[in-house]
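Down below is the structure, laid out as structure tokens.
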Amino acid sequence: MKFSVQEHFATHHHYDLRMEMDGVAKSWAVPKGLPLERGEKRLAIQVEDHSIDYMDFEGEIPEGMYGAGRVLIWDKGEYELLKRSKSEIKVKFMGEKLRGEYILVKFPRAGKNAWLIVKGN
Ligand SMILES: [Mn+2]
């Protein structure tokens, strides 16, 4: 399965993590970017599923359209799904920048679609 992280220069600069799952790209907006140090946590807001094709998109979303601004691929590669439940997704990323285990856990305190992404081993 593949994943990608798009850097998105929208009104609010953020990163979009996308993971191929159930035939779609499950997607999270990560305002501060993905954690790179073990134990580091970042807020990740789950957003609507995207098409798998969109995972490779780079370019300019035109002014006036939702998400207007430049999109760049920040990282991409394969991942391995290690565990998945309603409230926890554990993966192993094999990208250029993201490598090793990452755990997404639901974080309802920060809102209905809020998760934390934590870098594991
Ligand atoms: Mn975005």
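Taking a straight line from the alpha carbon of Lys119, these aspartates and glutamates sit under 12 Å away, with near neighbours fewer than eight places off in the same chain left out: Glu37, Glu40, Glu101.
Taking K and R as +1 and D and E as -1, what net charge do the other residues with C-beta under 10 Å from the C-beta of Val105 add up to? Present the calculation step by step, with values, prior to reporting the outcome.
On the way: positive: Lys41, Lys90, Lys106; negative: Glu88.
The answer is +2.
Charging the Cβ of each Asp and Glu at -1 and of each Lys and Arg at +1, and nothing else, the dipole of segment 77-121 about its Cα centre rounds to 280 debye. Take the Cα of Arg84, step 7 Å toward its Cβ, do the same at Glu37, and the gap between the two points is 3.2 nm.
Taking Gly23, Gly95, Gly33 in turn, the Gaussian network model of the chain (Cα-Cα springs below 10 Å) assigns the largest fluctuation to Gly23.
Comparing Tyr15, Tyr54, Tyr102 in a Gaussian network model of the chain (Cα springs below 10 Å), the most mobile by mean-square fluctuation is Tyr54.
Taking the alpha carbon gyration tensor of the chain, multiplying each eigenvalue by 5 and rooting it gives semi-axes of 22, 16, 14 Å, largest first.
Our estimate of slack between Asp22 and Glu7, defined as 0.36 nm per intervening residue step minus the Cα-Cα distance, is 3.1 nm. Over the chain, what is the relative contact order in whole percent, taking alpha-carbon pairs under 8 Å and six or more residues apart? Relative CO of the chain lands at 25 percent.
Since every read-out is calculated from the coordinates, none of them should be taken as a lab result. None of the values given here were measured: they were computed from a predicted structure. Neighbour counts run over all protein chains shown; Cβ positions are idealised from the backbone, glycine included.
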